[in-house]
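Data block below; observations after.
Where a number appears in this text, it was derived from the coordinates with a stated rule and is not lab data. Predicted model, so just to flag it, every value in this text is computed and none were measured. Note: ideal-geometry Cβ built from the backbone for every residue, glycine included; neighbour counts use all protein chains shown.
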Amino acid sequence: MAGAQPKVSGSDLTAFALQLEELRPAAERFARRLLRHVHDAEEAVQDAFLRLLRARDQFEGRSSLRTYVFAAVRNSCIDRRRFLHDILFRTRLQHVTYK
């Protein structure tokens, strides 16, 4: 891949954050394909990036950063879908219960 960044340690916050930001557009496209909603995709990526930044010391570099980020975004999308499904289910349940 042309212009590939050198691997960085997760403990280098600035370099790690910069590399995450370079991956943001691709991560958001991936999340939009999974969630089919721009706003939800942006929130899922933001949640994933916050988790990655907080746990940056756990990144050991055994896989590419891109693989690590996309796995985190996928998991964040799954969490978001579950959350949205639960809200929708509870709303429908309350609507049926109180009618």
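Things to note:
- Net length gained if the chain between residue 38 and residue 60 were fully extended (0.36 nm per residue, minus Cα distance): 4.8 nm
- Using Cβ point charges alone (K and R +1, D and E -1), the dipole size of segment 13-98 about the Cα centre works out to roughly 340 debye.
- Summary of packing: across the peptides 58-67, 29-38, 45-54, the per-residue average of other C-beta atoms within 10 Å ranks them, highest first, as 45-54, 29-38, 58-67.
- Residue 71-residue 18 pseudo-label distance in nm [points 7 Å out on the Cα-to-Cβ vector]: 2.5 nm
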